[in-house]
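Worksheet: one structure, shown below.
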Amino acid sequence: MRTKSEIIALLTNPGIIAVVRAQKREQVLPLSEALIAGGVIAIEITMTTPNALDAIAEASRKLGDRALIGVGTVLDVETCRSAIAAGAEFVVSPVCRPEFVPIASAAQRPVMLGAYTPTEAQRAHEAGADFIKIFPADGLGPGYIRAIRAPLPHLRIVPTGGVDAGNVADFLNAGCAAVGVGSSLVSAKLLQEGNWAELTRRAGEFVKAARAARLPCS
C-alpha cells in the first residue's frame, strides 16, 4: 500500500488529475486504461458515476499498481468512509467538509476540500486539508490563483473547471500543485463514442504541457 506522501507526490507529478463522470460503470476501466496510456495516472471517479463505489473497487483492484484511483464529488461522511474502504487513494469534495479530514488521515489518504474564496481556502487548510480544490475555477483563471497565493503561499491549490490543454501551463506556473481536468479531457461525446484512442491522445497533450511547465527556466 502506498504511503500518504507517496500518493501526494504522484498527484503532483505531472499534476494532471482526470475528473471522470462516466455515463456507466463499464466505461471506467477502458477509459482509465486510455488515460494511463497517455500518461495521466491520477483518476478521480466521481460519485455521479453509476455504481461508483463498485467502479472504484474494480479499478483499484485491477489498475492500482499503475494508477491512483480516487473518489470525487464526496458530500457526506458515509460516502467518504465507503469510498476509502473500496480502495480510493484520495478523496475530493467540491465543498468544505472538515469532517472528512480525520477519516482520510486515519487511512493515510490525502483529502482535497473545496473552496472558492481566500477565506474558504484558508479555513479548509486549517481544517487539515492536504489540497484546496478551487471550484468552480471557470472564469477565475491563473491570475486569481496567483493573487490568492501571494498572501497564502502555503496553500496547495488544485483548480477544477475551465482548465484545458491551452492553459494548464499557465495554472501550474501560477503556483498550482496540480489541476483537475474534466470535460476538456474526458468529454461526454468521447464517452458516448468510446473513442479511447482520442482520450489517450488528449491525455498525452495535457501531460506534455504540464511537464513543460515544470521544467526549470534556463
Practice problem: Only residues in the range 49-77 that are among the acidic types (Asp, Glu) count as the first member; pair them with residues that are surrounded by fewer than 20 Cβ atoms within 10 Å (Cβ to Cβ) and modelled with pLDDT of 95 or more, Cβ under 7 angstrom, at least 6 apart or cross-chain, and list the lot. | Solution: ASP54/ARG25; GLU58/LEU29
Exercise. Determine, yes or no, whether ALA104 is part of a loop (DSSP other than H, G, I, E, B), free of Cβ contacts under 8 Å to residues at least 60 places away in the same chain and within 15 Å of LYS4 (Cα to Cα).
Key: no
Quiz item: Do we find that ALA88 is crowded, with 21+ Cβ neighbours inside 10 Å, hydrophobic (A, V, I, L, M, F, W, C), over 16 Å from LEU199 (Cβ atoms) and free of Cβ contacts under 8 Å to residues at least 60 places away in the same chain in this structure?
Solution: yes
Practice problem: Filter the range 5-40 down to residues that are charged (D, E, K, R) and out of contact with any Phe, Trp or Tyr (no Cβ under 9 Å at 6 or more places or on another chain) and give me whichever is nearest to THR160 (Cα to Cα). | Solution: ARG21
Quiz item: How many of the residues in the range 1-48 are in contact (Cβ under 8 Å) with a residue 40 or more places away in the chain and among the acidic types (Asp, Glu)?
Solution: 2
Exercise. Scan (1) surrounded by 18 or more Cβ atoms within 10 Å (Cβ to Cβ); (2) under 18 Å from the mean Cα position of the chain (by Cα) for the single condition LEU75 breaks and write down its number.
Key: (1)
Quiz prompt | Condition check for ILE145: aliphatic (A, V, I, L, M), at pLDDT 95 or above, within 20 Å of ASN173 (Cα to Cα) and touching a strand residue (DSSP E or B) at 6+ places or on another chain (Cβ under 7 Å) | solution = yes
Quiz item: If only one of ALA147, ALA197 is among the aliphatic types (A, V, I, L, M), surrounded by fewer than 16 Cβ atoms within 10 Å (Cβ to Cβ) and under 26 Å from VAL28 (Cα atoms), which one is it?
Solution: ALA197
Quiz item: Any idea which of SER93, SER60 is surrounded by 18 or more Cβ atoms within 10 Å (Cβ to Cβ), farther than 21 Å from SER184 by Cα and within 16 Å of the chain's Cα centre (by Cα)?
Solution: SER60
Quiz item: Of all residues in the range 126-140, which are more than 26 Å from PRO102 (Cβ to Cβ) and buried (at least 17 other Cβ atoms within 10 Å of the Cβ)?
Solution: ALA137, LEU140
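The values are calculated or read from the model by the stated rules, or taken from the named source; none is laboratory data. Given the structure is predicted, the values throughout are model-derived calculations rather than measurements. Methodologically, a virtual Cβ is constructed for each residue, glycine included, from the backbone with ideal geometry; neighbour enumeration extends over all protein chains shown.
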